[in-house]
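These notes are about the structure you will find just below.
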Amino acid sequence: VQLQASGGGSVQAGGSLRLSCAASGTVVWTDAVAWYRQSSGKQRELVANTSRDGTADYAESVKGRFTIFRDRRKNAVDLQMSSLIPEDTAVYYCNVDSTRWRRLYWGQGTLVTVSS
């Protein structure tokens, strides 16, 4: 299984970014998926996740601003981020709990920088 994250970059506060995590070797539509982030000097934290049945959940700090998608056509997990604030600056990681392989996989991080 390989997870390839993309879409990070620099944006001003109030802007938007869409992260994508393309998967191979597993079918994300049937997997539990998540996005985490890690800021400098802090522990990695859960940002958003979708269970196998499609139920999404979000950290309080991003509710109403971020949306997690499982894209069946692309076999990818996307994170749409809007109304970004400097506190969202972090390296973002995708995570897939593969139904097929019964284990957890991590993608490489993608850096998001939000300037005020």
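Each residue in segment 70-101 was checked for being in a loop (DSSP other than H, G, I, E, B) and within 15 Å of Ala22 (Cβ to Cβ), and 4 of them qualify.
When Leu104, Leu46, Leu111 are checked against the criterion of being touching a strand residue (DSSP E or B) at 6+ places or on another chain (Cβ under 6 Å) and closer than 18 Å to Ala23 by Cβ, a single residue qualifies: Leu104.
Of all residue pairs spaced 6 or more apart or on separate chains, those with beta-carbon atoms under 6 Å, a first member in segment 54-69 that is over 14 Å from Leu19 (Cβ atoms) and a second member that is open to solvent by less than 60 Å² (accessible area, probe 1.4 Å) and of a type in the set (A, V, I, L, M, F, W, C) are Ala56/Ile68; Tyr58/Ala48; Ala59/Val47.
Note on segment 45-90: residues that are surrounded by 16 or more Cβ atoms within 10 Å (Cβ to Cβ) and more than 21 Å from Ala13 (Cα to Cα) total 7. Looking at Gly7, Gly14, just one residue is loosely packed, with under 13 Cβ neighbours inside 10 Å and either of a type in the set (Ser, Thr, Tyr) or under 29 Å from Ser115 (Cβ atoms) (or both), and that residue is Gly14. Scanning segment 25-44 for residues that are more than 11 Å from the chain's Cα centre (by Cα), open to solvent by 40 Å² or more (accessible area, probe 1.4 Å) and under 18 Å from Asp88 (Cβ atoms) returns Gln38, Ser40, Gly41, Lys42, Gln43, Arg44. Candidates in segment 102-113 are the residues that are in a strand (DSSP E or B) and of a type outside the set (A, V, I, L, M, F, W, C); of these, the one that is surrounded by the fewest Cβ atoms within 10 Å (Cβ to Cβ) is Arg103. Here Leu84 fits the description: more than 12 Å from the chain's Cα centre (by Cα) and either modelled with pLDDT of 95 or more or among the basic types (Lys, Arg) (or both).
The values are calculated or read from the model by the stated rules, or taken from the named source; none is laboratory data. Nothing here was measured: the structure is a model prediction, and the numbers come from that model. Counting neighbours? That spans all protein chains shown, and the Cβs are built from the backbone with ideal geometry, glycine included. The area values use the complete protein model at the heavy-atom level, side chains included, leaving out ligands, DNA and RNA. Shrake-Rupley method; radii C 1.70, N 1.55, O 1.52, S 1.80 Å.
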